[in-house]
Amino acid sequence: MELFTLDVGSGTQDFLLMKDENIRNCPRMILPSPTRIVARRIEDATRRGKDVHLVGYTMGGGACVRAIKNHINAGLKVYAEERAALTIADNLEKVRQMGVELRSPEGDVVSIEMKDVDLPFFKRVLESVGEELPSTIIVAVQDHGFSPHESNRRFRFRMFEEMLKRSGYLHDFLFHSEKIPAEFNRMQSVAQSVKDFCNDEGIEIELYVIDTVFAAVAGCMLDAREFPALLLNFGNSHVVGAVVDDDGFVHSLFEHHTSIMRAKGEQGIKDFVNRFIEGEITNADVFEDGGHGAYVRDVVDVKDIVATGPNVHLCNYRIANPAGDVMIVGNLGMVSLFENLKEEQGK
């Protein structure tokens with residue numbers, strides 16, 4: 001089995017080519033995230049005094065949106081196709097109010113492509129080292145959902161809560177490209193960009209997408225010693241915690257912002273986590289504190305705590321490191337969920 005896995009975060013994009021061999025020998029790359037790459041291209045245009053034209057697909061915001069705002073504040077123009085403009089905000093009227101012009105550009109502009117998955121790049125890299133693009137691709141992105149008239153923090157977590165109430169298993173958050181919920185427009189955009197490239201190249205692939213939250217949680221599971229376990233991911237933008245059983249059943253979940261959790265300090269984080277385990281953290285508690293939310297189905301006896309992510313140093317928990325590289329824990333989680341999904345489908 002060979003799997004192309006890509007975990008797209010706000011700071012990095014982490015690639016692992018999963019092969020039937022020692023995991024430590026499998027090709028991998030930790031690269032700047034797509035939003036940072038796009039931001040640098042916009043910043044270069046700003047320095048050169050060039051207007052920009054955003055084309056392509058809806059992708060993750062963050063760094064690139066800040067670069068767009070800075071470009072406009074510098075007195076330069078930003079033109080955008082509507083699909084690319086949805087990266088900035090779900091409400092296109094708000095995008096216009098920022099100063100982005102949703103029309104064809106005038107004069108000499110720098111065209112910048114927006115997308116989360118640069119499959120042509122990865123195909124070239126793999127071919128340059130004698131590898132091929134596998135027929136199965138799994139991509140993790142953080143999708144806040146399409147919410148033009150409501151806080152995307154609230155909307156995103158409500159989507160998670162509804163899905164957890166319907167089923168509750170981690171592998172149910174791994175979507176085949178043909179079964180992505182309509183509300184997850186960033187995942188839909190990933191699927192479209194991959195499909196467009198493969199159609200142009202005459203390549204047949206099977207694509208799965210998942211939110212980075214559940215990829216990280218599934219990766220943490222691989223290093224849990226006892227269950228139920230609290231699995232934590234200290235990402236560059238978000239901190240997520242889930243109490244999970246050994247079959248992937250989720251008892252509770254929270255999602256907060258890393259900057260806010262960092263400000264609490266190590267003891268503050270531990271106090272928050274302990275209250276979450278005891279079922280004392282509510283959805284309103286997290287949302288009003290600037291995070292996304294919390295959902296507690298039931299309170300169980302947590303027997304292990306394991307953490308991962310680029311900011312795992314913020315609190316002194318045992319670190320998930322199932323393959324000797326903390327940066328590919330999410331990739332390994334994707335592989336594990338894919339195997340579980342295939343096993344379920346084969347029953």
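Please go through the range 105-117 and give me each residue that is among the small types (Gly, Ala, Ser) and at pLDDT 95 or above, ordered by number.
111
Taking the conditions exactly as written (crowded, with 18+ Cβ neighbours inside 10 Å, at pLDDT 95 or above, closer than 30 Å to residue 2 by Cβ and among the hydrophobic types (A, V, I, L, M, F, W, C)), does residue 170 satisfy them or not?
Taking the combined requirement at face value, the residue does not satisfy it.
Looking at the range 25-50 only, could you name the residues that are among the small types (Gly, Ala, Ser), surrounded by fewer than 16 Cβ atoms within 10 Å (Cβ to Cβ) and on the phi < 0 side of the Ramachandran plot?
none
Which residue pairs have Cβ atoms closer than 7 Å, lie 6 or more positions apart in sequence or on different chains, and pair a first residue in the range 1-24 that is assigned by TED's automatic domain parsing to the domain that holds residue 337 and β-branched (Val, Ile, Thr) with a second residue that is assigned to a loop (DSSP other than H, G, I, E, B) and surrounded by 17 or more Cβ atoms within 10 Å (Cβ to Cβ)?
8/33; 8/60; 8/116; 12/33; 23/323
Given the residues 53, 71, which is the only one that is of a type outside the set (A, V, I, L, M, F, W, C), on the phi < 0 side of the Ramachandran plot, touching a strand residue (DSSP E or B) at 6+ places or on another chain (Cβ under 8 Å) and assigned to a helix (DSSP H, G or I)?
71
Here's the yes/no breakdown for (1) within 19 Å of residue 224 (Cβ to Cβ); (2) out of contact with any Phe, Trp or Tyr (no Cβ under 9 Å at 6 or more places or on another chain); (3) assigned by TED's automatic domain parsing to the domain that holds residue 171; (4) in contact (Cβ under 8 Å) with a residue 24 or more places away in the chain:
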| position | (1), (2), (3), (4) |
| --- | --- |
| 250 | yes, no, yes, yes |
| 253 | yes, no, yes, yes |
| 261 | no, no, yes, yes |
| 265 | no, yes, yes, no |
| 271 | no, yes, yes, no |
| 275 | no, yes, yes, no |
| 279 | no, yes, yes, yes |
| 284 | no, yes, yes, no |
| 293 | no, no, yes, yes |
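Taking residue 254 as the residue in question, decide whether it is assigned to a strand (DSSP E or B) and either under 30 Å from residue 1 (Cβ atoms) or in contact with a strand residue (DSSP E or B) (Cβ under 7 Å, 6 or more places away or on another chain) (or both).
Here the answer is yes, as residue 254 does meet what is asked.
Cβ contacts < 8 Å: first residue closer than 15 Å to residue 19 by Cα, restricted to the range 321-347; second residue in a loop (DSSP other than H, G, I, E, B) and of a type in the set (A, V, I, L, M, F, W, C), any location; separation 6+ or different chain. Result?
Close Cβ pairs (under 8 Å, with a partner that is in a loop (DSSP other than H, G, I, E, B) and of a type in the set (A, V, I, L, M, F, W, C)) amount to 332/222; 332/323; 333/222; 334/174; 336/222; 338/174.
Taking the stated definitions as given, is residue 318 touching a strand residue (DSSP E or B) at 6+ places or on another chain (Cβ under 7 Å), of a type outside the set (Gly, Ala, Ser), farther than 24 Å from residue 17 by Cα and in the same structural domain as residue 223 (by TED's automatic domain parsing)?
Taking the combined requirement at face value, the residue satisfies it.
Residue check: is residue 262 of a type outside the set (S, T, N, Q) and part of a helix (DSSP H, G or I)?
The answer is yes for residue 262.
Has the range 194-203 got at least one residue that is in contact with a helix residue (DSSP H, G or I) (Cβ under 6 Å, 6 or more places away or on another chain) and more than 26 Å from residue 343 (Cβ to Cβ)?
Looking through the range 194-203, at least one residue is in contact with a helix residue (DSSP H, G or I) (Cβ under 6 Å, 6 or more places away or on another chain) and more than 26 Å from residue 343 (Cβ to Cβ).
Counting residues that are among the β-branched types (Val, Ile, Thr) and touching a residue at least 60 places away in the same chain (Cβ under 8 Å), which helices (runs of 4 or more DSSP H) fully inside the range 129-231 reach at least 1?
185-201, 212-221
Could you please let me know if residue 218 is among the aliphatic types (A, V, I, L, M) and touching a Ser or Thr at 6+ places or on another chain (Cβ under 6 Å)?
It is true that residue 218 is among the aliphatic types (A, V, I, L, M) and touching a Ser or Thr at 6+ places or on another chain (Cβ under 6 Å).
Anything in the range 56-68 that is in a helix (DSSP H, G or I) and more than 16 Å from the chain's Cα centre (by Cα)? List them, or say none.
65, 66, 67, 68
Filter the range 94-128 for residues that are touching a residue at least 40 places away in the same chain (Cβ under 8 Å), loosely packed, with under 14 Cβ neighbours inside 10 Å and closer than 28 Å to residue 10 by Cβ; which is farthest from the chain's Cα centre (by Cα)?
111
The values are calculated or read from the model by the stated rules, or taken from the named source; none is laboratory data. This structure is a prediction, so every number in the text was calculated from the model and none was measured. Heads up, the Cβs are rebuilt from the backbone with ideal geometry, glycines too, and the neighbour counts pull from every protein chain shown.
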